Amino acid sequence: MTSLLHELQALLGEAAVLSRPEDLLMYEYDGSVDHARPDAVVFPATTEEVANIVRIAARHDVPIVGRGAGTGLSGGALPLGGGVMIVFARMNRILEIDIENRRAVVQPGVVNFDLTLAVQHAGLYFAPDPSSQRACTLGGNVSENAGGPHTLAYGVTTNHVCALELVLPDGEITRVGSRFDNAGGYDLTGLLVGSEGTLALVTEITVKLSRQPEAVKTLLAIFESVDDATETVVDLTAQSITPSACEMMDGWTLCAIEDYVHAGFPRDSGAVLLIEVEGLTEAVTSQAEAVTTVCKAHRAREVRTARDTAERELLWKGRKNAFGAMGRIAPCNYVLDGVIPRSKLPAALRETQAIGKRFGLRVGNIFHAGDGNLHPIVLYDPRVPGQFEKAVQASHDVLRFCVAAGGALTGEHGVGMEKSELMPLLFSDADFALMRRVHDAFNPRASLNPGKIFPLGKGCGETRIRPHATAGNPAA
Amino acid sequence: MSTTGERVKAKAESLLGAGCAVTDPAGLARYDIDGTPPSAALQAASADEVCEVVRFALAEKLAIVPCGGATKLSMGMPPVRYDLALDLRKLDRVLQYDPGDLTVSAGAGLPLEALRQTLAVHHQLVPLDTPYFERSTLGGAIASGLDSPSRELFGTARDFLIGAEFVTGTGETGKSGGCVVKNVTGYDLHKLLAGSLGTLAVLTRVNFRTFPLPAESRTFFAAFARLNDAGGFLQAIRDSPLLPSSLELLNARAWNTALGAAIQAGMDTSDVSSCTGAREEWLVVAGFGGNAAVCSRQERDLMAMAGRASATNAQSWTGDSDALARQVIREALPAIWESGGGTGMIVRIGTSPASATALIGSLCCAPELQPFRPMVLARGGGTVYFALSPSAGGGSSDAFPGAVRTALAIIAKHAAPAMIPWCAPQWKSELPVWGEAGRDILLMRRIKQAFDPQGIFAPGRFAGGI
């Protein structure tokens, strides 16, 4: 270890290498409930430095994990096998902005929202907008194929990434994809986006920029019951009304948010839908009318339209800070992420509530209703023996329901170390064997982010996972 | 019948049932690739049967080319071995469609037109309007990697293909994604299959997200005497808030060729053909849709922009004329290809929208290319198709490869990647059908190895000899 550290310090300078336990402490967490501590944290400034770090680690047979801002919710950036953590905080430059052709080239450490800030003067923005967009990095977005409320209309990260520069586990630097039309060949960019850092380290990203719509209307529909709200979402979809975002929050969650953000949400409702329609002025007018009609047909008490940008931004601030608001209520919360076909929404909400009751845990509901992406928030107190375990069991029950309903284990947070053991609910041994061969095509020695995505026994690099570093109760 | 053919037929019929193997020359002509037929064509009706065929091929060391409508078998290099065509047209069912979910799942052998009809009943669509539409299957349209006019709004197949099931070169089934619009569970292997030309796996089931069919649909047409004016019009549209569902620029020869093919097919094109005059060299065609108010607004804005860009003629088509214009644009590339008797080539270039006009100008003005009837179809997003053909324009065949190399040199000067999806068999060995390989070709070889370790799927057809 000492010689590894010396080599890293010689490469990067002492300030760019952390190894004291007190320095490493904050890197053993991300936004998930798991934790695992790296042996060293390094801060490269260039692609070449990343490649050299990878070569040094390979010589010492030490695994590597990439990390952006650590906002991930599935333990994707936790070093399950210890080793060297590469934090991309210093690789945070926007390298090029091509307004005319709506492209940008960025380093992986650029914060998602900073890209939008850099191009909004030209009427452009970066479409994927995860709730953590003011903190999370584009490198992390690429790894997890991040989503967000507006992906309902504009697609997730993979739909907005054209090309990548990679460092492979042997230190090779290579490029995949192309800036405009694909040049022929397999869509390696499509494979790498969402591969959770298990195939390569991404050191440069070429993204598409989107044009800001001419008109936006943000509607807040207030319902007496959760059922009315979910039935509204099903009906909107069935009538082919396609808002750019359609978020649901239950009444209990709204009160928590209101105490925290003062966004103007009602304190006495069963649920609200936050619905946005965008596009040409004429389209927005008619879509907003259609949305209002459907909401009213499902007994909406009120459908309020945000009067101006300030009110709109406040409503979104409320939505995007919902998870933070939970921190005022319970010492810990566990944000789940499952997907169901949209028509199963009412049943899914009822099931989530039933599961919460069964385990005696409070479950808040806030999610991307429009695309069937559930985010129940399970509140728990880690000081109460057994409660964390119950929260995990409740999570598993919710996900089992999602799969049984024809859905998936994760819509945007990733499998990481959180859900790898649930993967057999969806995939067969032959499926895992193929995924493992694809994994090995990039990362044959499992030196990059070992122990993720694959369940134990179906993947690779299990020997690299430290028994004491696996999932656990952070407060325990 | 060849000995291999007989042996294969006997075995295949034992696996798939009588009548599922074709070995007679007339029947095999359909599966011909660049003049070479397979020894046998086998029709599988389920993923299990596909597995059986692949295991049989593995045991017998036979090479397989998956096949749907057989419209794009000539794409890529001819496979170095071609024993079996695996015909998937029997996998032709819609397997799951609840319009309320805005997703659909279907067998890979389902014709594009059949899916269109199923969805249209519920006012939905899957934006897969690739060339050869009426004869193509879902699997073929995805595997070919061809784009379609609607990519302007919806992207290409990889953007709305949300999951797939397939059979790999080990004879096992595989799957990725699912039938929900948002899903990051496991690797997105289906994205690798889009554009893989059947070299990784045999698609058996494909899942898409669907989109609402607009209440009304129109096509806007503007003609220009000068390329720069047409380019200015395209730029004005891109800079506007308008959301065309398709946007193409064509030279008059390409447009007239596409229109001519429609006339030959017996369609009444009088409304549409009356608007191109002799002095108009460049045409911009934009499709758009929405409710009546949205359509009127777009039409009004497009008309004003066309006027400012010095269009010599501008029209908006509705109803049958709109449908016809969309079809003409969708099938323009096959029409251009056929007009040269399939003797030339069409190169696909990935340039930037802003520099497309300059590139097209350099290509179309190059004197040495004139004898080969240059034709252009450029999509609004910067993808340019450029066609040359030796037979129809008086250019000599001997000089053709040189002319193509001149065109490729012009393209290289613009630093745009290029590949040649349509190429007459006789030029394939001389021309860079797959463009210049990058360093990522090493990764692609390893991906091939992961899916098809024995190399039985269309060996040699893909980039870098994969």
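Somewhere in segment A:2-23, is a residue surrounded by fewer than 17 Cβ atoms within 10 Å (Cβ to Cβ), more than 22 Å from A:Glu172 (Cα to Cα) and in contact (Cβ under 8 Å) with a residue 40 or more places away in the chain? Explain how you work it out, then say what you get.
Residues of segment A:2-23 that are surrounded by fewer than 17 Cβ atoms within 10 Å (Cβ to Cβ), as a first pass: A:2-3, A:6, A:9-10, A:13-15, A:20-23.
Within this subset, residues satisfying the condition of being more than 22 Å from A:Glu172 (Cα to Cα) are A:2-3, A:6, A:13-15, A:20-23.
Narrowing further to those that are in contact (Cβ under 8 Å) with a residue 40 or more places away in the chain: A:3.
Yes: segment A:2-23 contains one or more residues that are surrounded by fewer than 17 Cβ atoms within 10 Å (Cβ to Cβ), more than 22 Å from A:Glu172 (Cα to Cα) and in contact (Cβ under 8 Å) with a residue 40 or more places away in the chain.
Within segment A:386-420, take every residue that is among the acidic types (Asp, Glu) and more than 17 Å from A:Gln353 (Cα to Cα) and give me the one that is farthest from the other protein chains (Cβ to nearest Cβ).
As a first pass, look at segment A:386-420 and keep what is among the acidic types (Asp, Glu): A:389, A:397, A:412, A:418.
From what is left, the residues that are more than 17 Å from A:Gln353 (Cα to Cα) are A:389, A:412, A:418.
Working: A:Glu389: 24, A:Glu412: 6, A:Glu418: 12 Å.
Result: A:Glu389.
Is it true that some residue in segment A:197-204 is in contact with an Asp or Glu (Cβ under 9 Å, 6 or more places away or on another chain), buried (at least 24 other Cβ atoms within 10 Å of the Cβ) and at the interface with another protein chain (Cβ under 7 Å from one of its Cβ atoms)?
no
Of (1) without any contact (Cβ under 8 Å) to a residue 12 or more places away in the chain; (2) in contact with a Phe, Trp or Tyr (Cβ under 9 Å, 6 or more places away or on another chain); (3) not polar (S, T, N, Q), A:Leu168 satisfies all except one. Which?
(1)
Evaluate the following for B:Leu324: is it under 28 Å from the mean Cα position of the chain (by Cα), aliphatic (A, V, I, L, M) and closer than 15 Å to B:Leu247 by Cα?
Values: under 28 Å from the mean Cα position of the chain (by Cα): yes; aliphatic (A, V, I, L, M): yes; closer than 15 Å to B:Leu247 by Cα: no.
Judged against the criteria, B:Leu324 is not a match.
Give segment B:132-145 a look and list any residue that's surrounded by fewer than 24 Cβ atoms within 10 Å (Cβ to Cβ) and out of contact with any Gly (no Cβ under 7 Å at 6 or more places or on another chain), or say none.
Result: B:Phe133, B:Glu134.
Check whether at least one residue in segment A:293-301 is under 13 Å from A:Asn365 (Cβ atoms) and surrounded by 17 or more Cβ atoms within 10 Å (Cβ to Cβ), and report yes or no. Reasoning before the result, please.
Here is the first cut: in segment A:293-301, the residues under 13 Å from A:Asn365 (Cβ atoms) are none.
Among the residues of segment A:293-301, not one is under 13 Å from A:Asn365 (Cβ atoms) and surrounded by 17 or more Cβ atoms within 10 Å (Cβ to Cβ), which makes the answer no.
Starting from residues that are among the small types (Gly, Ala, Ser) and not in a helix (DSSP H, G or I), keep the ones in segment B:428-450 and report whichever is farthest from the other protein chains (Cβ to nearest Cβ).
B:Ser429
Return the residues of segment A:347-390 that are in a strand (DSSP E or B), of a type in the set (A, V, I, L, M, F, W, C) and within 18 Å of A:Glu418 (Cβ to Cβ); say none if nothing qualifies. Steps first, answer last, please.
Start the filter on segment A:347-390 by keeping residues that are in a strand (DSSP E or B), which leaves A:363-368, A:373-374, A:376-380.
The next check asks that each one be of a type in the set (A, V, I, L, M, F, W, C); those that pass are A:363, A:366-367, A:374, A:377-379.
Residues satisfying the conditions are A:Val363, A:Phe367, A:Leu374, A:Ile377, A:Val378, A:Leu379.
Scan segment A:98-108 and tell me whether some residue there is among the acidic types (Asp, Glu), without any contact (Cβ under 8 Å) to a residue 12 or more places away in the chain, part of a strand (DSSP E or B) and more than 24 Å from A:Gly31 (Cβ to Cβ). Outline the logic, then answer.
Of segment A:98-108, the ones among the acidic types (Asp, Glu) are A:98, A:100.
Add one more test, that the residue is without any contact (Cβ under 8 Å) to a residue 12 or more places away in the chain, and what stays is A:98, A:100.
In the following step, the residues that additionally are part of a strand (DSSP E or B) were identified as A:98.
Filter once more, keeping what is more than 24 Å from A:Gly31 (Cβ to Cβ): A:98.
Checked against the condition, which is being among the acidic types (Asp, Glu), without any contact (Cβ under 8 Å) to a residue 12 or more places away in the chain, part of a strand (DSSP E or B) and more than 24 Å from A:Gly31 (Cβ to Cβ), segment A:98-108 yields at least one hit.
Cβ-Cβ under 7 Å, sequence separation 6+ or interchain: first residue in segment A:423-439 and more than 8 Å from every other protein chain (Cβ to nearest Cβ), partner assigned to a helix (DSSP H, G or I) and at pLDDT 95 or above. Which pairs?
Correct list of pairs: A:Leu425/A:Arg400; A:Leu425/A:Val403.
Which residues, taken from segment A:337-385, are more than 14 Å from chain B (Cβ to nearest Cβ) and among the charged types (D, E, K, R)?
From segment A:337-385, those more than 14 Å from chain B (Cβ to nearest Cβ) are A:349-366, A:376-385; that's our starting set.
Result: A:Arg350, A:Glu351, A:Lys357, A:Arg358, A:Arg362, A:Asp381, A:Arg383.
Quick test of your reading of the structure: B:Tyr132 fulfils all but one of (1) away from chain A (no Cβ under 12 Å); (2) in contact with a strand residue (DSSP E or B) (Cβ under 7 Å, 6 or more places away or on another chain). Name the failing condition by number.
(2)
Restricting attention to segment A:200-253, which residues are of a type in the set (A, V, I, L, M) and under 23 Å from the mean Cα position of the chain (by Cα)? Let's see the steps before the verdict.
Initially, segment A:200-253 is screened for residues of a type in the set (A, V, I, L, M), giving A:200-202, A:205, A:207, A:209, A:215-216, A:219-222, A:226, A:229, A:233-234, A:236, A:238, A:241, A:245, A:248-249.
Once the filter is applied, which keeps residues that are of a type in the set (A, V, I, L, M) and under 23 Å from the mean Cα position of the chain (by Cα), segment A:200-253 yields A:Ala200, A:Leu201, A:Val202, A:Ile205, A:Val207, A:Leu209, A:Val233, A:Ala245, A:Met248, A:Met249.
Can you name the condition, by its number, that A:Thr174 falls short on among (1) crowded, with 22+ Cβ neighbours inside 10 Å; (2) within 9 Å of chain B (Cβ to nearest Cβ); (3) assigned to a strand (DSSP E or B); (4) of a type in the set (S, T, N, Q)?
For A:Thr174, the exception is condition (1).
Do we have any residue at all in segment A:222-238 that's assigned to a loop (DSSP other than H, G, I, E, B) and not β-branched (Val, Ile, Thr)?
First, pick out the residues of segment A:222-238 that are assigned to a loop (DSSP other than H, G, I, E, B): A:224-225.
Retained after the next criterion (residues that are not β-branched (Val, Ile, Thr)): A:224-225.
Within segment A:222-238 (the criterion being assigned to a loop (DSSP other than H, G, I, E, B) and not β-branched (Val, Ile, Thr)), the answer is yes, since at least one residue qualifies.
Does B:Tyr31 fit the bill of being within 17 Å of B:Asp452 (Cβ to Cβ) and hydroxyl-bearing (Ser, Thr, Tyr)?
Numbers: within 17 Å of B:Asp452 (Cβ to Cβ): no; hydroxyl-bearing (Ser, Thr, Tyr): yes.
No; evaluated as a whole, the condition is false for this residue.
The values are calculated or read from the model by the stated rules, or taken from the named source; none is laboratory data. Quick caveat, the model's predicted, so the values are computed rather than measured. Cβ sites come from the backbone with ideal geometry, for glycine too, and all protein chains shown count toward neighbours.
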